[in-house]
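> One structure, pasted below without further comment.
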Amino acid sequence: MTKRLLIRTWGCQMNVYDSERMAEVLAPLGFGPTETPEDADMVILNTCHIREKAAEKLFSELGRLRLVKEARRQGGQEMVLAVAGCVAQAEGAEIAARAPYVDIVMGPQTIHRLPEMVARASRAGGLVLDTDFPEESKFDHLPEARAQQGVTAFLTVQEGCDKFCSFCVVPYTRGAETSRPAAAVLAEARRLVEAGAREITLLGQNVNAYHGEGVGGLAGLVRALAEIPDLARIRYTTSHPRDMGDDLIAAHRDIPQLMPMLHLPVQSGSDRVLAAMNRGHTAADYLRLVDRLRAARPDLALTSDFIVGHPGETDADHAATMALVREVGFAGAYSFKYSARPGTPAARAPQQVAGDVGDARLAELQSLLAEQQRGFNAARVGQEFDVLVTGPGRHPGQIAGRSPWLQAVHAEGPQGLEGSIIRMRAVSATANSLTCVLKDRSTPLQEQHAA
Ligand code: SAM
Ligand code: SF4
């Protein structure tokens, strides 16, 4: 490796996946990783446009990098500065105007063209802008080899969205919904497993709308993945309540590799707000769905996303959200204050909710959700379950892992068990993690693993 590459990633797991792919397409050009901008021959900022602050963070980060780029140039070294992801897609012109020292602006669908862009930027100078939605899929043009090796891996199976929720930029930045053919997904999954992955999380903006050639829907894909020997755990995110079909619910009942955890964003508990959001379901629809899922898989934990302060949201609407949260009982959640995104219908709606009202509602909701998360973790104490060991723990003699419900686990134990699935018992819980002991210390670990 002769050149150094720094990639900073904001936003969802799909951006994490894209960043890994970008590192892979640049590796044949001689780029290897660095964590320090001062050493970097190329910096890519992979951005998220979902909320306002992310774009502002980008511009302050660019301001800092400009100084590093100038200092490097004075020392006779160049730095190619690229902005990728959804902010680049939506605000390419603004980036060019506010940060003319940026060399490349590229959307999420053109990462396979990165080597060509780097060559053009180095040759010609000036801005290389590529925010097309190309006819060809990036997935068909990305290298097969996955450099990343790890016990857990992300795998993007579906991109884009046709649902047009009132508040959301995704349909504009990631484009129309497309699904990768099952054969391509299965081949990538096999490669990941060969490289050591035991848990794969399938990614999509609307992953349960997956309709890839070869298997029909997501349930078919999960069933096909469950046939891969050594793939012990399967997850998928993010799902839309509208696309939670009978076959997928049945998969939660039938497929042990499918982990008992589902991220199912509801956004609001008020039917008026859900209609204004164009979500296509009511609070009662969501509650019925939760009942059916829990009937299929009684240990299923649910997490969700919420937006407070959507235009038109009243105190009564907010109370309906609080009531829904109490009724469902979530294991965790992301909750946000509504942020007006340019070009979306909600940004143009009258009755925008005052900022301080949104803050107060968010604080109330977050305190309830945090209490539920602590309660969910505390309820694991005394229980036994399988833990996927992901590596050494923070302290000597500790190992780290993941519970079936995606809780971080710490335990005293021997090193070298990475990738093993070990039966453990939780002895204490915090808001974000569990401390466990190996199930029966008198049983040799090999036997525990086999059990
Ligand atoms: N497709 C997923 C769904 O329908 O639930 C969500 C994808 S979105 C990338 C992730 C989350 O960001 C959303 O669930 C929503 O809660 C939040 N979000 C999206 N737009 C937002 C906005 N304008 N203001 C605040 N939060 C927003
Ligand atoms: Fe955005 Fe709605 Fe599509 Fe989710 S379903 S990505 S919130 S438009």
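The values are calculated or read from the model by the stated rules, or taken from the named source; none is laboratory data. These numbers were taken from a predicted model, which means no experiment stands behind them. Reconstructed Cβ throughout: ideal geometry from the backbone, glycine too, with neighbour counts over all protein chains shown.
> For the condition touching a helix residue (DSSP H, G or I) at 6+ places or on another chain (Cβ under 6 Å), within 21 Å of residue 49 (Cβ to Cβ) and polar (S, T, N, Q), what is the one hit in 156, 110? Talk me through it step by step, then tell me what you get.
Working: 110 fails: touching a helix residue (DSSP H, G or I) at 6+ places or on another chain (Cβ under 6 Å).
The unique qualifying residue is 156.
> In the range 93-139, what residues are more than 24 Å from residue 4 (Cβ to Cβ), part of a helix (DSSP H, G or I) and aliphatic (A, V, I, L, M)?
Scanning the range 93-139 gives 93, 96, 97.
> Which one of the conditions (1) in a helix (DSSP H, G or I); (2) within 16 Å of ligand 2 (Cβ to nearest atom) does residue 370 fail to meet, given that it meets all the rest?
(2)
> Filter the range 135-153 for residues that are in contact with a helix residue (DSSP H, G or I) (Cβ under 9 Å, 6 or more places away or on another chain) and surrounded by 14 or more Cβ atoms within 10 Å (Cβ to Cβ); which is nearest to residue 26 (Cα to Cα)?
Going residue by residue through the range 135-153, those that are in contact with a helix residue (DSSP H, G or I) (Cβ under 9 Å, 6 or more places away or on another chain) are 136-150, 153.
Cutting the leftovers down to surrounded by 14 or more Cβ atoms within 10 Å (Cβ to Cβ) gives us 137-139, 142, 146, 148, 150, 153.
Working: 137: 18, 138: 15, 139: 15, 142: 11, 146: 12, 148: 13, 150: 20, 153: 20 Å.
Residue satisfying both the conditions and the ranking: 142.
Every residue, every condition in (1) under 18 Å from residue 172 (Cα atoms); (2) in contact with a Gly (Cβ under 6 Å, 6 or more places away or on another chain); (3) at pLDDT 95 or above, yes or no:
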{"site": "13", "(1), (2), (3)": "no, no, no"}
{"site": "24", "(1), (2), (3)": "no, no, no"}
{"site": "28", "(1), (2), (3)": "no, no, no"}
{"site": "50", "(1), (2), (3)": "yes, no, no"}
{"site": "67", "(1), (2), (3)": "no, no, yes"}
{"site": "94", "(1), (2), (3)": "yes, no, no"}
{"site": "102", "(1), (2), (3)": "no, no, yes"}
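> Give the number of residues within the range 166-181 that are among the aromatic types (Phe, Trp, Tyr) and surrounded by fewer than 22 Cβ atoms within 10 Å (Cβ to Cβ).
Narrowing the range 166-181 to residues among the aromatic types (Phe, Trp, Tyr): 167, 172.
Add one more test, that the residue is surrounded by fewer than 22 Cβ atoms within 10 Å (Cβ to Cβ), and what stays is 172.
Number satisfying all stated conditions: 1.
> Being at pLDDT 95 or above, more than 20 Å from the chain's Cα centre (by Cα) and under 25 Å from residue 171 (Cα atoms) narrows it down to one of 245, 216, so name that one. Can you show your working first?
Values: 216 fails: at pLDDT 95 or above.
Sole residue among the options that is at pLDDT 95 or above, more than 20 Å from the chain's Cα centre (by Cα) and under 25 Å from residue 171 (Cα atoms): 245.
> Restricted to the range 297-320, and to residues that are hydrophobic (A, V, I, L, M, F, W, C) and over 30 Å from residue 256 (Cβ atoms), which residue is nearest to the chain's Cα centre (by Cα)?
Top of the filtered list is 306.
> Picking from 316, 347, 320, which residue would you name as being within 14 Å of ligand 2 (Cβ to nearest atom), of a type outside the set (D, E, K, R) and assigned to a helix (DSSP H, G or I)? Write out each step before concluding.
Values: 316 fails: within 14 Å of ligand 2 (Cβ to nearest atom); 320 fails: within 14 Å of ligand 2 (Cβ to nearest atom).
Step by step, each of 316, 347, 320 is checked, and only 347 is within 14 Å of ligand 2 (Cβ to nearest atom), of a type outside the set (D, E, K, R) and assigned to a helix (DSSP H, G or I).
> Scan 194, 188, 199, 227 and give me the residue that is among the acidic types (Asp, Glu), surrounded by 22 or more Cβ atoms within 10 Å (Cβ to Cβ) and within 22 Å of residue 150 (Cα to Cα). Give the derivation first.
Values: 194 fails: surrounded by 22 or more Cβ atoms within 10 Å (Cβ to Cβ); 188 fails: surrounded by 22 or more Cβ atoms within 10 Å (Cβ to Cβ); 227 fails: surrounded by 22 or more Cβ atoms within 10 Å (Cβ to Cβ).
It is 199.
> Mind listing just one residue for me: the one in the range 350-367 that is within 15 Å of ligand 1 (Cβ to nearest atom) and assigned to a loop (DSSP other than H, G, I, E, B) and, of those, surrounded by the most Cβ atoms within 10 Å (Cβ to Cβ)?
The extreme case among them is 353.
> Hey, another quick one. Only one residue in 243, 254 is out of contact with any Ser or Thr (no Cβ under 8 Å at 6 or more places or on another chain) and under 27 Å from residue 323 (Cβ atoms), so which one is that? Write out each step before concluding.
Working: 254 fails: under 27 Å from residue 323 (Cβ atoms).
After ruling out the rest, the residue left standing is 243.
> Quickly run through the range 266-287 and pick out the residues that are more than 10 Å from ligand 1 (Cβ to nearest atom) and crowded, with 23+ Cβ neighbours inside 10 Å.
Within the range 266-287, 269, 270, 273, 274, 286 qualify.
> A follow-up question, please. For the range 160-175, name all the residues that are more than 10 Å from ligand 1 (Cβ to nearest atom) and assigned to a loop (DSSP other than H, G, I, E, B).
Correct list: 160, 162, 164, 175.
> Are there strands (runs of 3 or more DSSP E) fully within the range 1-92 with at least 1 residues that are in contact with an Asp or Glu (Cβ under 9 Å, 6 or more places away or on another chain), in contact (Cβ under 8 Å) with a residue 12 or more places away in the chain and basic (Lys, Arg)? List them.
On the way: elements: 3-9, 31-33, 42-47, 80-84.
Qualifying strands (runs of 3 or more DSSP E): 3-9.
> Considering only residues that are touching an Asp or Glu at 6+ places or on another chain (Cβ under 8 Å), under 20 Å from residue 288 (Cα atoms) and surrounded by fewer than 21 Cβ atoms within 10 Å (Cβ to Cβ), which ones fall in the range 303-341?
Result: 320, 322.
> Among the residues in the range 76-84, are any farther than 25 Å from residue 116 by Cβ, surrounded by fewer than 17 Cβ atoms within 10 Å (Cβ to Cβ), modelled with pLDDT of 95 or more and over 29 Å from the mean Cα position of the chain (by Cα)? Walk me through it before giving the result.
Quick first cut of the range 76-84, residues farther than 25 Å from residue 116 by Cβ only: 76.
After this cut, where a residue has to be surrounded by fewer than 17 Cβ atoms within 10 Å (Cβ to Cβ) as well, the list is 76.
Adding the requirement that they be modelled with pLDDT of 95 or more leaves none.
The answer is no; no qualifying residue exists.
> Here are some conditions: (1) within 19 Å of residue 376 (Cβ to Cβ); (2) out of contact with any Lys or Arg (no Cβ under 8 Å at 6 or more places or on another chain); (3) outside any loop (DSSP other than H, G, I, E, B). Residue 275 meets all but one. Which one does it not meet?
(1)
> Let me ask another. Take the residues of the range 85-100 that are among the aliphatic types (A, V, I, L, M) and crowded, with 21+ Cβ neighbours inside 10 Å: which is farthest from the chain's Cα centre (by Cα)? Reasoning before the result, please.
At the first step, the residues of the range 85-100 found to be among the aliphatic types (A, V, I, L, M) are 87-88, 90, 93, 95-97, 99.
Keeping just the survivors that are crowded, with 21+ Cβ neighbours inside 10 Å gives 87-88, 90, 95.
On the way: 87: 17, 88: 19, 90: 20, 95: 25 Å.
Applying the filter and picking the extreme gives 95.
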